[in-house]
Amino acid sequence: MHLVDYLLIAVYLGTLLTLGFIRRLKKDSPATELIVGGRVLTLPAFVASLVSTWYGGILGVGEYSYLYGLSNWLVFGVPYYLAAFLFAMFLAERARKSELLTIPDRLAQAYDNKTAVAGSVIIFVMTVPAAYVLMMGILCQELFGWPFWVGIVGGTLFSVVYIYFGGFRSVVRTDLFQFGLMFLGFATLVVMLVFKYGGLEYLSARVPSTHFTWHGGNSGWYIAVWYVIALATLIEPTFYQRCYAARDSKVARRGILLAILCWTFFDFLTTSCGLYARAILPELENAVGSYPALALKVMPAGLMGVFALALLATVMSTIDSYSFVAASTFSRDIVMRLFRIEENKVTYYTRIGLFVTVLLAVTIVLFFRSVIDIWYAFGSIGTPALLVPVFFSFVGKRRLPSRWAFRSIVLSGGLSLVWYLSKYFTVDESFWLEIMPIFPGLVVSLIVFMMFSEHREHNTVAK
């Protein structure tokens with residue numbers, strides 16, 4: 001890193017704060033303004049915000065593509081494209097036409113308040129941005145030489161300070177800026193690598209042969225689990241938030257379809273960089289830091305700063321979005337539902353929720369040092385708990401009675417949690433019966449739905 005690189009980063013941070021503070025919320029701002037920005041999100045803003053938010057796991061992608069090559073596309077690409085496509089086809093327009101604000105709103109509407117609170121707790125835990133806080137710490141360590149804890153605390157606080165004052169509108173404005181930087185930085189690195197080292201022939205001669213197979217050396221069973229975990233997209237709070245905030249239902253559906261195209265191209269860039277990192281730095285000790293290590297080796301002053309901005313923008317755009325969703329879930333969907341607090345206090349309690357979210361994220365990082373492990377753990381527990389109750393609250397004419405919707409969330413999520421913890425009580429640290437924890441919970445949730453769901457003639461969601 002050179003002076004010009006640091007100057008670029010300083011300009012980026014200044015621009016980010018300027019965009020974030022353009023319009024501040026009032027203490028008594030309505031929930032519609034705070035959480036969905038008044039429902040005026042245009043198609044370009046929808047796409048840019050969703051793409052940048054949902055790709056925050058950039059170092060996790062680097063870790064996986066460095067270790068397993070093209071399999072990255074089949075694990076962190078294709079299953080999520082398919083799930084996003086299902087969301088666009090079946091849920092996007094229904095969500096927008098419902099005129100709701102959050103997923104728990106739909107759970108309360110379709111079932112009851114108790115079910116909404118149970119779902120809110122799951123959503124809150126799933127959206128605490130621990131994986132992205134971990135990546136921020138690693139980035140600051142790699143790029144600036146800061147101690148790990150300084151990067152975690154400083155980087156995270158800088159990522160959320162503007163949403164404390166500006167809410168959802170600040171998230172969208174900064175996402176638009178960060179979206180462009182993501183693609184600019186990675187495209188620049190790929191072009192430079194191709195011209196400096198060569199293309200496919202260079203990579204084939206210098207990476208393990210398994211890196212060009214569909215499995216990357218992993219079992220088909222392991223990869224299949226990620227396809228199930230990807231179904232978490234159907235209960236992804238940031239997807240629903242963008243749909244609720246969209247100008248109309250067409251923007252919601254088209255925005256997700258366009259976002260899939262953007263993710264596909266960005267995955268091409270990131271997977272290519274992972275392969276080059278393995279070829280050029282085969283003895284790298286920590287695969288999580290493969291992208292910054294690669295850039296520091298091959299990029300000159302100035303361009304290194306551009307790539308550093310791409311990494312920072314990708315992670316920070318996700319930290320702010322998830323922190324905001326977690327904070328608003330904590331306030332409006334947990335605290336305010338439990339204690340029947342008036343809506344005009346939503347901004348105050350969301351700001352409290354932001355502090356709670358950041359503190360919890362930093363605490364989780366103390367127990368997990370792998371981005372992929374965090375995704376796997378929370379996806380394996382939250383997905384089976386919410387997938388069936390949320391999806392069928394929007395789609396179809398069969399609906400669980402409220403008491404069974406609540407029981408489904410508690411039983412399926414609880415079972416998957418216990419199953420996940422079982423590895424800490426076995427000698428070889430394997431799950432019970434060598435079954436991945438997402439499956440027992442998902443099976444229980446499906447059984448409950450098949451046994452106790454009832455036919456409803458009318459669905460309260462507008463068609």
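Read the figures in this text as sums done on the coordinates, not as results from a lab. What you see is a predicted model, and the numbers here were worked out from it, not measured in a lab. FYI the Cβ positions are ideal-geometry reconstructions off the backbone, even for glycines, and counts take in every protein chain you see.
Each Lys or Arg adds one and each Asp or Glu takes one away; over the other residues whose Cβ falls under 11 Å from the Cβ of ARG96, this sums to +4. Put the Cα centre of the stretch 208-236 next to the Cα centre of the stretch 40-99 and the gap is 15 Å. Peptides 376-384, 200-208 ranked from most to least packed by the mean count of surrounding Cβ atoms within 10 Å: 376-384, 200-208. Angle between the Cα long axis of helix 130-144 and the longest principal axis of the chain, 0 to 90 degrees, nearest 10? For helix 130-144, the angle is close to 20 degrees. Computed over Cα pairs, the Kirkwood radius of the stretch 185-266 leads via Stokes-Einstein (1.002 mPa s, 20 °C) to a diffusion coefficient of 130 µm² per second. Couplings for the stretch 307-316, taken from phi via the Karplus curve 6.51 cos²θ - 1.76 cosθ + 1.60 with θ = phi - 60°, read 5, 4, 5, 4, 5, 4, 5, 5, 6, 5 Hz in order; Gly and Pro are left as x. Positive contributions from Lys and Arg (+1) and negative ones from Asp and Glu (-1), summed over other residues with Cβ under 11 Å from the Cβ of THR53, come out at -2. The calculated FRET efficiency for the pair SER430 and PHE148, based on their C-beta separation and a Förster distance of 35 Å, comes to about 0.75.
Annotation: amide H-H contacts under 5 Å for ARG398 (H modelled 1.01 Å from N, sequence separation of 5 or more, or interchain): ARG456. Computed over the chain, the per-residue total of -39500 (n - 2.57) for DSSP H runs of n ≥ 4 gives a 222 nm mean residue ellipticity of -24000 deg cm²/dmol, rounded to 500.
For the stretch 302-356, trypsin sites (Lys or Arg not before Pro) are listed when DSSP marks them as loop and at most 15 other Cβ atoms sit within 10 Å of their Cβ; the list is ARG340.
Put the Cα centre of the stretch 372-449 next to the Cα centre of the stretch 105-128 and the gap is 15 Å.
Using C-alpha pairs below 8 Å separated by at least 6 residues, the relative contact order for the stretch 3-367 is 41 percent. On the principal axes of its alpha carbon atoms, the stretch 3-367 extends 63, 45, 38 Å, with the longest extent given first. At q = 0.20 Å⁻¹, work out log10 I(q)/I(0) for the stretch 234-386 with the Debye formula, treating every Cα as an identical point scatterer and leaving solvent out; two decimals please. Scattering profile of the stretch 234-386, log10 relative to I(0): -1.41. Couplings for the stretch 339-345, taken from phi via the Karplus curve 6.51 cos²θ - 1.76 cosθ + 1.60 with θ = phi - 60°, read 10, 6, 7, 5, 4, 5, 9 Hz in order; Gly and Pro are left as x. Specify the angular offset, from 0 to 90 degrees and rounded to the nearest 10, of the alpha carbon long axis of helix 113-127 from the longest principal axis of the alpha carbons in the chain. Compared with the principal axis, the helix lies near 0 degrees. The long axis of helix 220-229 is offset from the longest Cα principal axis of the chain by roughly 50 degrees.
Taking other residues whose beta carbon is less than 14 angstrom from the beta carbon of ILE381, and scoring Lys, Arg as +1 and Asp, Glu as -1, yields 0.
Of the GluC sites (Glu not before Pro) in the stretch 27-120, the ones in a loop by DSSP (not H, G, I, E or B) with at most 14 other beta carbons within 10 Å are GLU99.
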